[in-house]
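> One structure coming up, written as structure tokens, with questions to follow.
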Amino acid sequence: VVDWQLSLKLAAGKEDLARDLLRMLIEALPNDRIELIICWDHRSFEALLAHAHRLHGGSRYTGTPTLRKTTGVMERALTSAKKAGLFETEESLEQIKIEQTVNFYAMIDAIDAVLAYPFEQIESKES
């Protein structure tokens, strides 16, 4: 869920930076999770794409490989759907929702796993 060694590597070995980046991600995740679910429920895939893109970018600087993978899968799928013009009709929006259900909930599960991670263990171990 959280790979502290990867976090350190991505922060060029700077513990404070790795801790701060991870903390910022974790602090933003509860609101991100709510926004993602609202977008999903309302089939607001343009907004969902923006959220997935931002989360994917943030996860690339923290040691959260599952979150990085799941947000990347969702981002690529929605980007492809957008390029194919599938954000235009109710029928195609429903098709996206059907096709991306597993990926969406994998992304939510990854968020939940990061939120459940005992971040304080990293702070106490590394301080």
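> For the chain, what does the accessible surface come to per residue with a 1.4 Å probe? Please give it in Å². Each step should come with its number before you reach the end.
Values: 7010 Å² over 127 residues.
That works out to 55 Å² per residue.
> Which value, to two decimals, describes the C-alpha radius of gyration of the chain once divided by 2.2 N^0.38 Å?
Ratio of Rg to 2.2 N^0.38 Å for the chain: 1.14.
> Can you figure out the FRET efficiency of GLU91 with LYS9, using R₀ = 30 Å and their beta-carbon distance, to the nearest 0.05?
On the way: r = 45 Å, r/R0 = 1.51.
With R0 = 30 Å, the Cβ-Cβ based efficiency is 0.10.
> Calculate the FRET efficiency for ARG43 and ASP112 from the Cβ-Cβ distance with a Förster distance of 22 Å, rounded to the nearest 0.05.
On the way: r = 22 Å, r/R0 = 1.01.
Efficiency for this residue pair is about 0.50.
> Based on the mean of other beta carbon atoms within 10 Å per residue, what is the order of 102-114, 47-59, most packed first?
Result, highest mean Cβ count within 10 Å first: 47-59, 102-114.
> Determine, for each peptide in 82-89, 5-12, the mean count of other beta carbons within 10 angstrom over its residues, then list the peptides with the highest first.
Listed from highest to lowest mean packing, they are 5-12, 82-89.
> With the dipole of the stretch 1-69 worked out from charges on the C-beta (+1 for Lys and Arg, -1 for Asp and Glu) around the Cα centre, which of THR64, LEU36, LEU49 lies farthest toward the positive end?
So the residue we want is THR64.
> When a/c reaches 1.5 or more, the comparison of a/b and b/c decides; with that in mind, is the stretch 5-67 rounded, prolate or oblate per its Cα gyration tensor? Working shown, then result.
Working: a/c = 3.59, a/b = 2.53, b/c = 1.42.
Judged from the Cα gyration tensor, the stretch 5-67 comes out prolate (a/c at least 1.5, a/b above b/c).
> Then there is this: Using a 10 Å cut-off on Cβ atoms, rank the peptides 29-42, 67-80 from the highest mean neighbour count down. Mind showing how you got there, number by number?
Details: 29-42: 15.1, 67-80: 19.8.
Output ranking for 29-42, 67-80: 67-80, 29-42.
> So if I place +1 on the C-beta of Lys and Arg and -1 on the C-beta of Asp and Glu, and nothing else carries charge, what would the dipole magnitude of the chain be about its Cα centre? I want it in debye, nearest 20.
Numbers: 15 positive and 20 negative charges, 98 e Å.
That gives a dipole near 480 debye.
> Would you list which aspartates and glutamates come within 19 Å of LYS9, measuring only between C-alpha atoms, while excluding same-chain residues fewer than 8 positions from it?
Hits, sequence-local ones excluded: ASP20, GLU123, GLU126.
> So how far apart, in nm, are the two label points at THR79 and PHE119 if each is 7 Å from Cα heading toward Cβ?
In this crude spin-label approximation the distance works out to 2.7 nm.
The values are calculated or read from the model by the stated rules, or taken from the named source; none is laboratory data. The model shown is predicted, which means the values in this text are computed figures rather than measured ones. Note that each Cβ is placed from the backbone with ideal geometry, even for glycine, and that neighbours are counted across all protein chains shown. Accessible surface is based on the protein model in full, side chains and every heavy atom, while ligands, DNA and RNA are left aside. Shrake-Rupley method; radii C 1.70, N 1.55, O 1.52, S 1.80 Å.
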